[in-house]
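Step one of this worksheet: look at the structure below.
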C-alpha cells in the first residue's frame, strides 16, 4: 500500500512539474496539457486532504470544462505559431522569481511550523463526512449558512456568460 | 501534511506568478493565473484541515469565480485578437492613458 | 471750498505777533499763477488738438499772421504775464506793509491740514517773513519781466500756450517753495519746480537731445531730492515736526557741531547741490540750456537754481550749528565757482557760457551762506537774479535776431554760436548796452550791483578765516583766495563773450546780416528795467565799511546794510549761535587789510581784467563756424569738453547702472528667480515623465510591479 | 447723508449687498444679449460702486474697531460663520475695488471682442470675491474668498490674454495657490489651537486674536501666512509671476490685478499677520528680513523695470517697487509707516491702474506695446500725453500727487524705526525717475517719425471719462489726503496696539504655561515700551529648544 506521504510527494512533484511545464512550454496547447496534469495532481492532494468533493470538482470543472474552453479558444484563434518571441527572458525576472519564491516559501514554512500539523478542523470535517458523506458535508454548509453567496455566484456566472457573449460577438 | 501542502501551494503560486510575468501570450498568462488560483485553493483546503469546512466552501466559490473569469477573460482575448490579430500582450498597451 | 475761500481772503489765523503786519491776499500770489496755468493749460490742449489734426494730415498747423491767430494762441499773451503782474503787485503791497511793520516772528497762514497721521502733522500753510518776501519779490518781479519778454521771444512758436502754462506752473511751484511754512511744503515746490524745469527744458520735445536734457535734469535733481527727504526724516525723528517755526525753535537743543545736526545739514545740502547745480551734480544745468532762452533766464538763472541757497539761508540756524557742514557748503561752492568759470572760458555757445557762469555764481552764493553770511548769500542771489536774467534775456534777444536772420535766408547755421556773431552792437544797440551793464555787474565792477554782493561774500570768506574761534581757518583762507581767483576768471569770460558777440566784424554772413535787427519793445523794455536794477540793485546793501568811504561815495549811497537788517529776524538765531561758538568775524582779511582795501583791489583788478580781455579777445581773429577748422589741443581741449565730466559720469555711473539693470533683469530675474520657479515646474514635469515610464500599458509590467509590491508587503510581514 | 443712510438701514445690508449684488449681476450679464453685455455690466458695477460710496458716510471715522458687523452661521459644526465687517483699513480697499471694477469694465469696451458675456460675468465674480476678501471677518470665509479670486482671474488671463496667456495664467494660479495652501495649514493649526483654547470650534477673527501662541509657533505660522501674502503682494523674490500675468492679461485684467488683487497681500499683512502673530512680527530678524526684502524690491525692480522693452512689463515691475514701499511701511510698525503703506496702496491702485488703462488704449490704437515703436505721440495726442504724464508723475511720487503722500509717510515711518534701510529705500525715488521718464520720453516725446504713430487718435469721450476721475483722485489725494488718513488712523492704531498688547499678553501667557523652555518670559510684559528688545532676546532663547517643546 502506498503511504499517504508518498502519494502526497508524488502528486506534489507532478503538480510542480506540470506547473513548470505550463510556464515553459512553447506551444499553448502544450501549456494547456501541462496545466491539466497539474490540476489533476492537485486534485490528488485534495483527496489526501480529505476534500473529496473538491477533488471531483477540480477534475470535472477545471481540468475538464475550463481547460477545454481554453483549448477551444487556442484552436479557434489558431495560436501557437509565433512562440519564439513569447517567453520573456530577463535576469531580473528570474532573480525576482527566486526572491519571491524564497520569501513565499519561508512564509509558508513559518505558518506551517507554528503547530499547524492537524488542527481541530480536520476532526470536525471528518465528523461531518461521517455524518453526511463527502458531498453532504459541504452541501449542508453551502445551502444553509452560505446560501446567499451561493446564489450570488449563480448570478455572477449568468452575468459572466452574458458578458462573454457580448464581448465575443463580432457585431453588436 | 498541512505544512507540506502549504509549501506546495506557495511553490505553485510562485510558478504561476512567474508565468504571468514572463509569458507574453495572453492565453498562457491566463493559464498561469488559473494556476495561481489553484495554488490558493490548495492553501484553503489545507487550512480547512485546521479551521473547518469553510475553507472548502471558499474553494468552491473560487472555482466558480474562476470559471466566470475564464469565460469573460477568454471573450476579451478573442475580441482583442480580432482587433490586433495577435494575443501577444506587448503588442497592445491599452492601459496607457 | 472753505479752504479755497480762505486762500483768497488771506487765511484764517494770521499769527501776527510781532509788529502790525496785515498780509494782503498772500494766498492769491500763489493761486494766480496756478489759475494762469489751468487757463493756459486748457488753451494749450485745445490748441494742441487743432495742431494734432494738422499733424495727422501730414502738415503743420498754420498759425497765420499775427492778426488772425486763433484765440488759443493769443489769449495766453494776456493771461500769462497778466497773472504774474497781478501777483507782483500783491507781493509789492505785502512788501510795503512788511516794511512798515517790525515783524519779529514769521506770519504763518494756515489753510488746511495737508497730512495728518496722528504722530505727524503738516499743514498747507504759507509763511510770510522777510526772507520769503525777498524771494517773492524776486520771483514775481523778475518773473513778470521774463513773462513779458517771452511774449516777444516765443510768439512764433506753435506751442505758445503750452509754454505759458508751464511757465505759470513753474512760478506757482516756486512760490510754494519759498512761501511754504514747512520743509514738506517746500519740498512740494522743490520737486514741482523740478518738474516744470523738466517740462520746459524738454519744451521742444520732438528734438531728442532736448527731451534727453530735460530727463537728465529731472533725474539728477532727484538725487538731490533724496538728500532733502532724508534730512526731513531726520528732522521729524528728532523734532517731531518739519514745520519751520517749531524746528527752529528747538534747533538749539542740538549739540553744536554734533553728528546729528551735521547729518541733517549735509543731507539738506545734498538737496541744494542737486537743485542749485553744484559739484558734482551741476551737469544738468548746461544741458538745460536746451530750453527756450527765457526759461533759462527764469528757471536756470534767476529763481529755481537759487532754491538751494534759499534752503541754506532758511535753515541758517541749523547750518550755523554745524561748522563742518558750513565748511563743506563753502568748499563745494568755491570749487564749483572756480571749476565752472574755467569751463566757461572755452565755450562758444553763448548760452553755455552763461550756464557755466550761473553755476559759478551759484557757487559764490554757497560760499556766502557757507561762511555764515546768510544775508550776503541772499543778496547775491538777488543781484544775480537781476543781471543774470538780463544776460540770458539779452542773449535771447541776440539768438532771436540771429535765428530770424538764418531763418529768413534758410541757413542752417547755429544761431547760438558766438563764432557766427560779432559786431552785433551795430544792429542791436540797446541789447548791447544793457548786456554790458550786466557784464560789468557780474564782473564785480563798482558801482554795479554785482560788486557789492560778490565783494561781500568774498570779504566774509576772508573775515571768517580770521574769526576768533574759526573752525578751519586755513581752509577758509584757501576759499577766499579761490573765490578771488574765480572773480577774475568771471571778468575774463564774460568780457570774452561780449566781445565775441557784439564787437569786431560781423560773421553772420552778408545776406544774413541784412535781417539782423534790434529786439522789439516787448523784449527790450524788460532788458532795460533789469539793466537799471543791475546798476542800482546793489545799493540797498552797501557794506558799512564802504558806505562812508569811496565806494559809498562818502555816504551818498543811502541804504547801509539794509538787507542785513531786513533779514535780521531770520538770521539772528544763526548769528547768535555763531557768536557763542565762534566769536566775532575778523575785521581783517587773511593777509591784512580791511574790507574797503580789498574791495578796491578786487574791483580794480576786475576792471583791469575786463580791459585786458577786450584787447586780448578783440585782437584774436575769430572765424565763423563753417570756416572754423582749428583743432583745440591740450588743456584748452579739456576745458572745451568740460573736463569730460559728462563722459566720466556716463562711464562710471550711468553705464554701470544700465548694465546692472540688464544683469538684474536677464540674469537674476529671468535667469535665477524665474529659472528657479520654472525649474520647479520642470522637476514636476520630469518626475511625471519618469514615473510615466512605468505606465507602459502592457499587462506584464503592471503585474511585475504588483509582484514587487507584494514582495515588499510579504517581506515586511516576515521581518 | 448719514441720516439718509440710516433711514434705509444701510449699515445692515450694505456689506452683503456689495458681495451679492455683483453675483446677481453675473446672472444679468449672462442673460443679456452678447452686444449689450458690456453696457449691462458697466451700469451694474456703477450701481454697486455708487452703493459702496455710502460706506464713506456710514463709516464712523472715530472708531478703530470693526463696524457694521453682521454674522450668520454657515457650517456650525466647524464654527464657521458668514460674518462681515469693515474698518478703516478695509473701507478704502472696498471702495477701491468697486471703483476700479467699474473703471476696468468701462476700459474694456474696445479691448474685449470675444465671449463678452463670459468676460463681464467673470469681472463681476471677481468683484464679489475681492469685496468678500476685504469684508470677511471669519477666517474661513476670508480664505474661501481669497482662493475664489484666483478662479475668475485665471480665466480672464487665460482666455482673453496675449500670446503666452496659458503660461501666464498657470504660473499665476500655481504661484499664488502654493502660497495660500501654506496659509491654509496655518489657519487649520490656529483653528485647533482656538478650539482647545475657546472650548468650541471657531474661525472667528476675534477669537483667533485671543489664541495664545508660543514664540516658536508664531514664527512658523508667520512664515506660512507671510509666504501666502508675500506671493500676492508680491515681495521680492516671489514676484516673477506678476510681470508675466500683467503682460499677458487683457487691460481690465491688469487693472484689477494691480489695483486690488495685489492689495489683498498687504491687506493680509495688516489684517492677519501683524495682529495674529505679534511676537513674530516684532522679532527683529523677521522685521529686518521683511524690510530688506522690501528695499530690494524697491531698488531691484526699479532697475529691472528701467530696461524693459515692453511698456506693460515695465509698469508691472514698477508695481513690485510700489508694493515694496507698502511692505516697508507696514513693517515699520508705527502709525506713519502703516498709514503711509495704506496710502501707497490706494495711490498705486489708482495710478498703476490708470497706467495700465493708458497702455491698453495705446495698444488698441497701435497694436504694440514695445516702447521703441512709439515716439512723438504727444504731438498727435496731447490729451493722452497729459493724462499719461500726470499718471506717471503720480506713480513716481511727485509731491502734489497721491503717490508722494504715501511714499513719504511710508519712508518716514520706516526711518523712525530703521533709518539705514529707509535711507537705502529712499534711493528708490531716484530710480523711479530712472524707469519712468525714459519711457514717457520715448513714447510721447522725441520725433514723430512713423506713419502709424502719426495716425494715433487722441482720447475719445469714453476714455476721458475713464481717466478724468483717476487723474482727479491722484491730485486730490495728493493735496488733501486728510479725509483718507483720518479714517484710517484709528484702525491703524488698533492694529499697532494689538501688536504691542497682544505681544505682551502672549508673552505673559507663554511665560506662565512653559516657564522653562517656553522661551518668552514674563518680564517682557513689564516693559512694553522697550518690549522690542526684551521680546527679541526671549524669542531667541525660545527658538532654540523648540524641538524639546514639541516632544513634551
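The values are calculated or read from the model by the stated rules, or taken from the named source; none is laboratory data. Nothing here was measured: the structure is a model prediction, and the numbers come from that model. Cβ atoms come from the backbone with ideal geometry, glycine included; neighbour counts cover every protein chain shown.
Observations on the model:
- Only a single item in (1) surrounded by fewer than 23 Cβ atoms within 10 Å (Cβ to Cβ); (2) on the phi < 0 side of the Ramachandran plot is not met by residue C:176, and it is number (1).
- Restricted to helices (runs of 4 or more DSSP H) entirely inside region D:411-484, those with at least 3 residues that are under 29 Å from residue D:291 (Cβ atoms) and either without any contact (Cβ under 8 Å) to a residue 60 or more places away in the chain or within 26 Å of the chain's Cα centre (by Cα) (or both) are D:419-426, D:428-444, D:461-479.
- Of C:677, C:683, C:645, all but one fail to be more than 12 Å from every other protein chain (Cβ to nearest Cβ) and more than 30 Å from the chain's Cα centre (by Cα); the exception is C:683.
- Considering region B:1-90, the qualifying helices (runs of 4 or more DSSP H), each wholly inside and each with 2 or more residues that are more than 7 Å from chain A (Cβ to nearest Cβ), touching a residue at least 24 places away in the same chain (Cβ under 8 Å) and farther than 18 Å from residue A:21 by Cβ, run over B:26-51, B:54-84.
- From the options D:321, D:332, D:302, D:372, residue that is touching a residue at least 40 places away in the same chain (Cβ under 8 Å) and within 29 Å of residue D:110 (Cα to Cα): D:372
- Qualifying residue in region C:625-632 (condition: loosely packed, with under 12 Cβ neighbours inside 10 Å, assigned to a helix (DSSP H, G or I) and more than 32 Å from the chain's Cα centre (by Cα)): yes
- Cβ-Cβ distances below 6 Å connect the following pairs, each with a first residue in region C:689-700 that is within 11 Å of chain B (Cβ to nearest Cβ), a second residue that is not in a helix (DSSP H, G or I), and a separation of six or more residues or different chains: C:695/B:96; C:696/B:93; C:697/B:93; C:697/B:95; C:697/B:96; C:698/B:93.
- Set side by side, the residues C:580, C:680, C:622 differ, and just one is at negative phi and buried (at least 16 other Cβ atoms within 10 Å of the Cβ), which is C:622.
- Of all positions in region C:219-235, at least one carries a residue that is part of a helix (DSSP H, G or I), over 23 Å from the mean Cα position of the chain (by Cα) and more than 9 Å from chain D (Cβ to nearest Cβ).
- With respect to the conditions (1) buried (at least 19 other Cβ atoms within 10 Å of the Cβ); (2) free of Cβ contacts under 8 Å to residues at least 24 places away in the same chain, residue C:500 falls short on a single one, namely (2).
- Matching option when the condition is closer than 16 Å to residue C:381 by Cα and crowded, with 24+ Cβ neighbours inside 10 Å, among C:320, C:330: C:330
- Residue match in region C:249-268 (condition: within 11 Å of another protein chain (Cβ to nearest Cβ), within 21 Å of residue C:175 (Cβ to Cβ), at pLDDT 85 or above and buried (at least 24 other Cβ atoms within 10 Å of the Cβ)): no
- When residue C:517 is tested against (1) under 26 Å from the mean Cα position of the chain (by Cα); (2) surrounded by fewer than 23 Cβ atoms within 10 Å (Cβ to Cβ), exactly one condition is not met: (1).
- Filter result for residue D:238 (assigned to a loop (DSSP other than H, G, I, E, B), crowded, with 18+ Cβ neighbours inside 10 Å and under 22 Å from the mean Cα position of the chain (by Cα)): yes
- Which numbered condition residue C:438 misses (of (1) within 23 Å of the chain's Cα centre (by Cα); (2) in a loop (DSSP other than H, G, I, E, B)): (2)
- Residue in region C:476-491 that is more than 27 Å from the chain's Cα centre (by Cα) and not in a loop (DSSP other than H, G, I, E, B) present: yes
- With respect to the conditions (1) closer than 19 Å to residue D:130 by Cβ; (2) surrounded by 14 or more Cβ atoms within 10 Å (Cβ to Cβ), residue D:50 falls short on a single one, namely (2).
- Region C:179-209, subset under 17 Å from the mean Cα position of the chain (by Cα), in a helix (DSSP H, G or I) and within 7 Å of chain D (Cβ to nearest Cβ), residue surrounded by the most Cβ atoms within 10 Å (Cβ to Cβ): C:191
- Condition broken by residue C:597, with the remaining ones in (1) touching a residue at least 12 places away in the same chain (Cβ under 8 Å); (2) more than 18 Å from residue C:486 (Cα to Cα); (3) surrounded by 13 or more Cβ atoms within 10 Å (Cβ to Cβ) satisfied: (1)
- The requirement of being out of contact with any strand residue (DSSP E or B) (no Cβ under 6 Å at 6 or more places or on another chain) and modelled with pLDDT of 70 or more is fulfilled nowhere in region C:550-558; no residue meets it.
- Taking the criterion of being more than 8 Å from chain B (Cβ to nearest Cβ) and under 20 Å from residue B:51 (Cβ atoms), the residues of region A:120-135 that qualify are A:123, A:126, A:127, A:129, A:130, A:131, A:132, A:134.
- Within region C:640-667, residues that are closer than 18 Å to residue D:432 by Cα sit with their Cβ atoms under 7 Å from residues that are modelled with pLDDT of 85 or more and assigned to a helix (DSSP H, G or I), at 6+ positions apart or across chains, in these pairs: C:660/D:303; C:661/D:303; C:661/D:304; C:661/D:306; C:664/D:300; C:664/D:303; C:664/D:304; C:665/D:304.
- Matching entry among C:125, C:165 (being within 14 Å of chain D (Cβ to nearest Cβ), in contact (Cβ under 8 Å) with a residue 60 or more places away in the chain and more than 30 Å from residue C:534 (Cα to Cα)): C:125
- Taken as a whole, the condition of being within 31 Å of the chain's Cα centre (by Cα) and within 14 Å of another protein chain (Cβ to nearest Cβ) applies to residue C:661.
- Candidate set from region A:136-172 (those that are within 7 Å of another protein chain (Cβ to nearest Cβ) and in contact (Cβ under 8 Å) with a residue 12 or more places away in the chain); member that is surrounded by the fewest Cβ atoms within 10 Å (Cβ to Cβ): A:137
- Unique match (being buried (at least 24 other Cβ atoms within 10 Å of the Cβ), assigned to a helix (DSSP H, G or I) and in contact with a helix residue (DSSP H, G or I) (Cβ under 7 Å, 6 or more places away or on another chain)) among C:372, C:368: C:368
- Scanning region C:375-391 turns up no residue that is in contact (Cβ under 8 Å) with a residue 40 or more places away in the chain and outside any helix (DSSP H, G or I).
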